[in-house]
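This report concerns only the one structure given below.
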Amino acid sequence: MKKSLVLIFLLITSIAAQAQKVDSIKAEQNGDFIKIRYKILESRPGELYKVKVLCSINGGLNTELRSVSGDVGEMVSGGKPEYMVLWDVLKDVDEVNSVDFIIRAELMQAIKPPKEKGYIVNLAPAVQLPGPGIGGRFGIMGKFGVSLQFIAWKAVLSDASYNGDTKFRRISLALSSRIINEKKSQVHLLTGFTIGNSLIKETYTNGTATTSHFKKAMTPGPEFGFAVSSGRLIFTLMGTKLLTGMTEEGQASTKNTFVSASLGVRF
């Protein structure tokens, strides 16, 4: 019997792979056993395969090998660089002159797609320039979401022609859309509107006399930015413009373009 086993390796004419995902089949003798090595192309960890090893002995019909062990059967894990099957030849056949091997791998369990991350609730202190202003931001963000910010600051005037209250406030509401959703990080685009204090110039004409003064008023404006979440932290950067209109040079006015940033935690 051992002499016949040696003849297997002298007379092998082809080692065939007849499954789309199987390649690089190699056979070698190890005593009374044959080691059959193969690769499952593009297999990934988390996948399960049903692997069958068949052979044509002495030019006969393809039959499934019974006395095999190793990476064979219904629970073969994907992701390995190489797989190995050990065949106890003399338990299946008495005499062999030539043999062709065939390996078939059937995908039984694919990798489950990662569960889409749900909504994240975040709370963060916020700062604004110029100002400086301080406040906070609160958001509920998923594939889509909302983010709310409040800022307070003391206005810096261009001259002393306005003598009123210089404690200014601004609140903004932005809608978010997630554009990147990785395992540990997400990126959201934000767009919305804000309403805040500004100085508005009012001009009055009485006959030939024209007078003007500034009053504190609530002014709307657009807001755009992005948020980056990584681990338990979330960073938000926003640009805002209050639509105050034009003011004459040298008269009392306030800044109307702001940049705000916040760094906080997500829950």
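The values are calculated or read from the model by the stated rules, or taken from the named source; none is laboratory data. Everything numeric here is computed off the predicted structure, so don't read it as measured data. SASA here: full protein model, heavy atoms, side chains in, ligands and nucleic acids out. Shrake-Rupley method; radii C 1.70, N 1.55, O 1.52, S 1.80 Å.
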**Report entry** residue 50 accessible area, 1.4 Å probe, all protein chains in place, Å² to nearest 10
**Finding:** 60
Query raised in the report: Which three lengths, in whole Å and largest first, does segment 121-197 cover when its Cα atoms are put on their principal axes?
Result: 54, 19, 18
Report summary line: Mean accessible area per residue over segment 34-152 (1.4 angstrom probe, all protein chains present, square angstrom) is 55
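Please list 243, 65, 107 from largest to smallest accessible area, probe radius 1.4 Å, with all protein chains kept in place.
Sorted descending by solvent-accessible area, the residues read 243, 107, 65.
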Report summary line: Looking only at lysines whose Cα falls under 18 Å of residue 21's and that sit 8 or more positions away or on another chain, we get 39, 50, 52, 80
**Report entry** Sequence-distant aspartates and glutamates (8 or more away, or on other chains) whose Cα lies within less than 18 Å of residue 143
**Finding:** 116, 182
Requested in this report: Please report the Cα spread of segment 36-181 along all three principal axes, rounded to whole Å, starting with the longest.
Outcome: 110, 21, 19
Query raised in the report: Per-residue accessible area for residue 120 at 1.4 Å probe radius, Å² rounded to 10?
Result: 10
Query raised in the report: Among 156, 72, what's the order by accessible area (1.4 angstrom probe), most exposed first?
Result: 156, 72
